[in-house]
Each structure stands twice: as C-alpha cells, then as structure tokens.
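Enquirer: Once you've had a glance at the structure underneath, I'll fire off some questions.
The values are calculated or read from the model by the stated rules, or taken from the named source; none is laboratory data. Every value quoted in this text rests on a predicted model; they were computed, and no experiment measured them. Because the Cβ atoms are built from the backbone with ideal geometry, glycine has one as well, and the counts that use them run over all protein chains shown.
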Amino acid sequence: MKTGQTYSSTAFQLNKTPMITGAVLVCAGGLIGLMGMLVSGTAMASACRQWFRELEMTPSDAAKHKWSQTKAASAAGAAAWQQHDGMQRTHA
C-alpha cells in the first residue's frame, strides 16, 4: 500500500421505515393465519364430535372395526402380490 492513499468507506445504510412496516405486515399475516387455523380446527372438531355422536358404535369400536378392515385389506394385497409376480403365463 502506498502512503498517501485514502479509501472511502461507505457504511451500509438501511431505511428503517420499510423494515418496520414489513415486520408489522408479517406479524399481522401470521395472526390472521393463526386465527384461520383456529376457526377451521374448531369447525373440524365440532364436525367430528357430531359424527361420533351419530355413529351406532362407540369411537373405540369404530377404530377397532377400521383396524380389522385395514389388516384384512393389507393381507389380501400381500397374498395377491405373492401369488402373482406380474407376469402373464401363457398355456401351451
């Protein structure tokens, strides 16, 4: 570095007004989204409660029934997959 040289340093200038406005808008959007999730979650919970009240069986019995259906369907799918390897056999 030669003597007598000066370097100008420009500081990073940030306009605070748009930054504050942006932060306020992000917070407002977050609150609106949170309220939307709260309202839709409440509606979903209410619909589930009403659906369970109208069932002819208790929720635990309904869950057991659905679980047995799921096990039967997966067993049938596994059996079909094991019996057929996807190739069609031709009879000579």
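Enquirer: For the range 1-29, which residues satisfy the criterion of being modelled with pLDDT of 95 or more and among the small types (G, A, S)?
Expert: Residues satisfying the conditions are G22, A23, A28, G29.
Enquirer: Within 26 Å of the chain's Cα centre (by Cα) and either of a type outside the set (A, V, I, L, M, F, W, C) or modelled with pLDDT of 90 or more (or both), is that true of I32?
Expert: yes
Enquirer: Looking only at the range 65-92, which residues are modelled with pLDDT under 65 and within 30 Å of L55 (Cβ to Cβ)?
Expert: None; the set is empty.
Enquirer: Just checking, does the range 51-58 include any residue being over 28 Å from the mean Cα position of the chain (by Cα), outside any loop (DSSP other than H, G, I, E, B) and modelled with pLDDT of 95 or more?
Expert: The answer is no, given that none of the residues of the range 51-58 is over 28 Å from the mean Cα position of the chain (by Cα), outside any loop (DSSP other than H, G, I, E, B) and modelled with pLDDT of 95 or more.
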